[in-house]
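Enquirer: To start, I am sharing the structure in question, which I have written as structure tokens.
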Amino acid sequence: MFCINLAKYMKGLYIIAVTIFFSCSIFSQGELDESSKIFYRNEKTYGILLNSNGLGFNYRYAKRIDAYRKTLYEAEINYLKHPKENRVTLQVTNRSIIYGKLNSTYTLKGSIGIQKELYQKRDMGGISIRYFANIGPSLAIMKPVYFEYYDFNIGDYYYDKFLEHGNYVGRGPFTMGISEISVSPGLYGKFGFTFEYSKVDELFHAIEAGAGFDAYARKLRIMDTQPEKILFILPDDYFVLSLFISYRFGKVLSSQFTPQRNRIDNLIVD
């Protein structure tokens, strides 16, 4: 079943990539600019990520190694969701809660990687296609979620963590539980494709799609459920597997091709 689901989602990712490629190609009209091409430069960009298990924001510095390759330095933050999260609006208070929510979970990541250009931009309105691979450390941050309840015995309100048969009033303040934050260190890697379609050399606009995998030293407890093997997140377990698609924007930092390799660049290339 896992293999069947994986094949289905990978097929979906392939369809997305092909669609982006042909959509951009339709509008690829413009004059060649041989004197100043974007793939000869360093880039500083930001990415807004839509993951199969949440949302994220990414910063990337891409340093030119040669005419086709770059070294990537990235920092990223993600909000991690459980596939069984179901937000419900309470009729009495008109406030929403997620039954069974134990922890709000965020991940902080830093990585290094390499990017290689597969298809160069042929005109000012065309696209370039690149693939990239990154690896680095990850830190999962779990903050307990508190709920507001009403106690009929004492006739007053109180806050507590998830109670299966509680008299819910709503979710507690976000700041409640900060002193109980727990962390879990780990490693992550990702692989994907970049479809860059900027019409101005000094600016950067692209769509990216790919897959990522995280492994942590401690189990990630997001919901009060029994461990299940569900594709793209293994709830309450050590691993997270996800697909992502993102919009990336930024700027080109230099106008001349002046490659300067450091030890990291040489290690990646060689």
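Enquirer: Using the number of other C-beta atoms within 10 angstrom as an exposure proxy, rank VAL145, VAL88, VAL183 with the fewest first.
Expert: If I rank by nearby Cβ atoms, fewest first, I get VAL88, VAL183, VAL145.
Enquirer: Sticking with this structure for a sec: Using the count of nearby Cβ atoms within 10 Å as a rough guide to exposure, how do ASP151, ASP156, ASP224 rank from fewest to most?
Expert: Starting with the residue having the fewest Cβ neighbours, the order is ASP156, ASP151, ASP224.
Enquirer: What net charge is computed for the residues neighbouring ASN167, neighbours being all others with C-beta under 10 Å from the C-beta of ASN167, Lys and Arg scored +1, Asp and Glu -1?
Expert: Counting the neighbours of ASN167, the net charge comes to -2.
Enquirer: Which loop GluC sites (Glu not before Pro) in the stretch 152-220, with loop taken from DSSP, have no more than 14 other Cβ atoms within 10 angstrom of their Cβ?
Expert: Passing both the DSSP loop test and the Cβ count: GLU164, GLU202.
Enquirer: Between beta-carbons, use under 13 Å as the cut-off and find the net charge around THR89, counting Lys and Arg +1, Asp and Glu -1.
Expert: +3
Enquirer: Normalised by the empirical 2.2 N^0.38 Å for globular proteins, what value does the Cα Rg of the stretch 126-169 take?
Expert: Its radius of gyration relative to the 2.2 N^0.38 Å reference: 2.47.
Enquirer: Counting Lys +1, Arg +1, Asp -1, Glu -1, what net charge surrounds TYR158 among other residues with beta carbon under 12 Å of its beta carbon?
Expert: The answer is -3.
Enquirer: Using a Cα-Cα cut-off of under 22 Å, which lysines could be cross-linked to LYS44, ignoring same-chain neighbours fewer than 8 residues away?
Expert: Counting by Cα, and skipping residues close in sequence, LYS44 has these lysines nearby: LYS63, LYS70, LYS109, LYS116, LYS121, LYS190, LYS199, LYS251.
Every number here is computed from the coordinates shown, using simple stated rules; none is lab data. Predicted, not measured: the structure shown is a model, and the values here were computed from it. All Cβ positions, even for glycine, are placed from backbone atoms using ideal geometry, and neighbour counts span all protein chains on display.
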